Amino acid sequence: MLWSSCYDGQSGERLQPESVSIGDDSASIEARSQAVYQRLVYDVTAQAITDLCSHSTPVTSQPWQQHRVISSQPVPQSAEEAKPSITASVLEQLGLETRRPPLLPRCLGRVKGRRRADQLDEMLAVELVGEESAWTDYSKDELFVKMQVTDMLFDVMVNETVSTLSAVVARKRQQCH
């Protein structure tokens, strides 16, 4: 039901999970916490379905932001086709499963010399691969520099305009006196 409403372009916000009744004060703590958990899973699933269906619409960004190339996958035509990707997305958002980047061949095997890599070395290599993208992502720095250049150019333009207008006003005063 949720897949069909979101796939058809309708909002899934007006739909409610069938067995959730959070407002009942007479319910036990376990029943209320179960209802809240069901609502959480429902909301995360609805968001995953909405995200999956919205990949077909282009994302517009501001001119100063870096244009990111999004590899668009075809929108699944049925709920069965979408189920694996929705499940993976929900599990990742709930923190029940993480996606580890694959180890690069240079990070596997031997570590400095002849000794074989142990479990700690492999764990450090996984962390290195995961954090490498954060080290080499300069998009925030690039945006910061662009904004600084824009501010400097704007200040120069304002100062030149003010000085030009001041010179014009001074000439007009001299002509009147």
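Only one of the numbered conditions (1) surrounded by fewer than 10 Cβ atoms within 10 Å (Cβ to Cβ); (2) touching a residue at least 60 places away in the same chain (Cβ under 8 Å); (3) polar (S, T, N, Q) is violated by Ser133, and that is (2). Here is the figure for segment 14-54: residues that are in a helix (DSSP H, G or I), surrounded by 11 or more Cβ atoms within 10 Å (Cβ to Cβ) and either at pLDDT below 60 or in contact with a Phe, Trp or Tyr (Cβ under 7 Å, 6 or more places away or on another chain) (or both) total 2. Of the numbered criteria (1) under 28 Å from Glu132 (Cβ atoms); (2) modelled with pLDDT under 80; (3) small (Gly, Ala, Ser), the one Ser78 fails is (1).
The values are calculated or read from the model by the stated rules, or taken from the named source; none is laboratory data. Since the structure is predicted, the reported quantities are computational estimates derived from the model, not experimental observations. Note: ideal-geometry Cβ built from the backbone for every residue, glycine included; neighbour counts use all protein chains shown.
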